[in-house]
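Just below is one structure, and these are the notes that go with it.
The values are calculated or read from the model by the stated rules, or taken from the named source; none is laboratory data. Everything numeric here is computed off the predicted structure, so don't read it as measured data. Counting neighbours? That spans all protein chains shown, and the Cβs are built from the backbone with ideal geometry, glycine included.
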Amino acid sequence: MNIKNIHHIAIICTDYVRSKAFYTEILGLSILQEIYRAERDSYKLDLAIGDQYVIELFSFPDPPGRPSRPEAAGLRHLAFAVDDLDAAIARLRAHGVAPEPVRVDEHTGKRFTFFADPDDLPLELYEIA
C-alpha cells in the first residue's frame, strides 16, 4: 500500500442548508459540486480548501445522532490549519460561533482552539504560522 494523502472527509449533517452555509460562508470552503440524489432524498456537496478537495457533506433523512462528544470511539475531531488564529476566531465570533479558550500545544508551542459545527461536530483551528 502506498497512501499519498487524505482524499476527503465525509460528514453527515442534519440540516443541509444550515451546514452548507456554515462550511462555505463561515469557514470559507469552496463548492466543487453539489448533487441531489432523489432516490436517497440526499444531497452530496463536495467542498475544497483552495484547490484541494477535502469534505463531502451529506444530508440524509433522519440520521442517528452522534453518541457523545468528544470521547466516543471513532473520529474525535477535524482540525483546520490557519496562519492567524486570532483573525480566524474573530471571524467565527462575528458569525455567532463561540470557540473554546485558546490553548497551547505543549509539544509544539502552537496555539489552537476548538469549536462546533451546526451538528455539534468538534472542529479545531490550529495555528501553523
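Residue check: is ASP84 modelled with pLDDT under 95 and either on the phi > 0 side of the Ramachandran plot or surrounded by 11 or more Cβ atoms within 10 Å (Cβ to Cβ) (or both)? Considered against the rule, which asks whether it is modelled with pLDDT under 95 and either on the phi > 0 side of the Ramachandran plot or surrounded by 11 or more Cβ atoms within 10 Å (Cβ to Cβ) (or both), ASP84 comes out as no.
The set of residues in the range 70-102 that are among the charged types (D, E, K, R) and in contact with a strand residue (DSSP E or B) (Cβ under 6 Å, 6 or more places away or on another chain) contains only GLU100. The set of residues in the range 10-69 that are crowded, with 16+ Cβ neighbours inside 10 Å, without any contact (Cβ under 8 Å) to a residue 40 or more places away in the chain and closer than 15 Å to ALA116 by Cα contains only LYS20.
Among the numbered conditions (1) outside the structural domain of ILE9 (by TED's automatic domain parsing); (2) in a helix (DSSP H, G or I), the only one that THR24 does not meet is (1).
Tallying residues that are more than 19 Å from HIS7 (Cβ to Cβ), of a type outside the set (Ser, Thr, Tyr) and outside any helix (DSSP H, G or I) within the range 28-58 yields 3.
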